[in-house]
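The values are calculated or read from the model by the stated rules, or taken from the named source; none is laboratory data. All of these numbers come straight from a predicted model, not from anything done at the bench. Every residue, glycine among them, receives a Cβ derived from its backbone with ideal geometry; neighbour counts consider all protein chains shown.
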Amino acid sequence: MADTAVRTTTALLAVEDVAVHFGGVKAVDGISLEMHQGNIYGVLGPNGSGKSTLLGAMTRLTPLTRGRFLLDGVDYTKVPARKVHRMGISRTFQTVRLLDDRSVRDNILLGQDTLPKQTRKAAAMQVDEVMERVGVREVAQLRPDELSYGMQRRVEFARAIIGRPRLLLLDEPTAGMNTAERKEIGKLMRQLCDEGITQFIVEHDVEMMVDTCDYLFAMNVGKLIAEGDPHDVVRHPAVQEAYLGKGAASGA
Ligand code: ADP
Ligand code: MG
């Protein structure tokens, strides 16, 4: 748990007053937060609250309006996305982004393209193990467009963990999966966490988030409205008002 004792150490990731504005749209508007090694963090928030934009900013794909990011105390705000990946931050996208003219196996291997040579070699040796763990080994030679949406999501997951990132950012990784599949992915996240991969997950399934996460953040219109113990966060009046009242049950 990210308790006060842990907080006295340097954060794995520190977000300092980050804002991303698109013209008049304040997608992310002054977010500060910390994540510590060895925890699963979750982000709740209604559609349009800026969750995906924050993820894109953390990987430095998205230009900032203001603020900065520190990984283990090192400011990487001006580091290009490719190098941020090499520093150990990996992500999945909200919508599936796989190459349909390449096999599942090749798609997963592409996840370590930007990594240093030694890491790449190690990753290539791990591809079978990773496919096994994520449950896509039997479809290794198929193309992504031959798979169900849930399976495609698994392939993305495998691609994101192949280089053994220190921080894994997951944007709605279980969208399109049934309850049993979600539970499986939740279990895998916990295993990965125990192996030292800190995670930051955007998901709408409140029950899964409470079950899976050590610590929750809640966003609304670009700002953090609550953070802390998952049970406390989902009961927080501002969160109830912004999120749980509006279509949470439908998973919208
Ligand atoms: P969430 O992931 O929480 O649903 P997003 O981060 O996708 O929210 O979007 C936050 C807000 O920023 C929305 O109003 C969205 O329309 C806007 N937005 C996101 N990306 C862009 C972009 N590239 N250009 C303009 N507006 C954007
Ligand atoms: Mg989103």
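For this structure, a couple of remarks:
- Output for the range 16-52, where each listed residue is within 16 Å of ligand 2 (Cβ to nearest atom) and free of Cβ contacts under 8 Å to residues at least 40 places away in the same chain: F22, V25
- Tallying residues that are away from ligand 2 (no atom under 16 Å from the Cβ) and part of a strand (DSSP E or B) within the range 187-202 yields 2.
- Within the range 180-208, residues that are within 16 Å of ligand 1 (Cβ to nearest atom) sit with their Cβ atoms under 7 Å from residues that are at pLDDT below 90 and of a type in the set (D, E, K, R), at 6+ positions apart or across chains, in these pairs: D205/R182.
- Considering only residues in the range 14-66 that are among the small types (G, A, S) and in a loop (DSSP other than H, G, I, E, B), the one that is farthest from ligand 1 (Cβ to nearest atom) turns out to be G38.
- Among all residues of the range 119-131, there is none that is assigned to a loop (DSSP other than H, G, I, E, B) and either of a type in the set (D, E, K, R) or more than 19 Å from Q199 (Cβ to Cβ) (or both).
- Matching option when the condition is of a type outside the set (A, V, I, L, M), modelled with pLDDT of 95 or more and closer than 29 Å to R102 by Cα, among Q152, Q199: Q199
- Matching residues in the range 86-97 - criterion: being away from ligand 2 (no atom under 16 Å from the Cβ) and surrounded by fewer than 21 Cβ atoms within 10 Å (Cβ to Cβ): R86, M87, G88
- Members of the range 65-113 found to be touching a strand residue (DSSP E or B) at 6+ places or on another chain (Cβ under 8 Å), of a type in the set (A, V, I, L, M, F, W, C) and under 13 Å from A160 (Cα atoms), listed by number: I89, F93
- G163 falls short on exactly one of the conditions (1) closer than 30 Å to E207 by Cβ; (2) in contact with a strand residue (DSSP E or B) (Cβ under 7 Å, 6 or more places away or on another chain), and that condition is (1).
- Set A123, A81: member being within 27 Å of R190 (Cβ to Cβ), among the small types (G, A, S), at pLDDT below 95 and more than 16 Å from ligand 2 (Cβ to nearest atom): A123
- Qualifying residue in the range 74-83 (condition: within 15 Å of ligand 1 (Cβ to nearest atom) and assigned to a loop (DSSP other than H, G, I, E, B)): no
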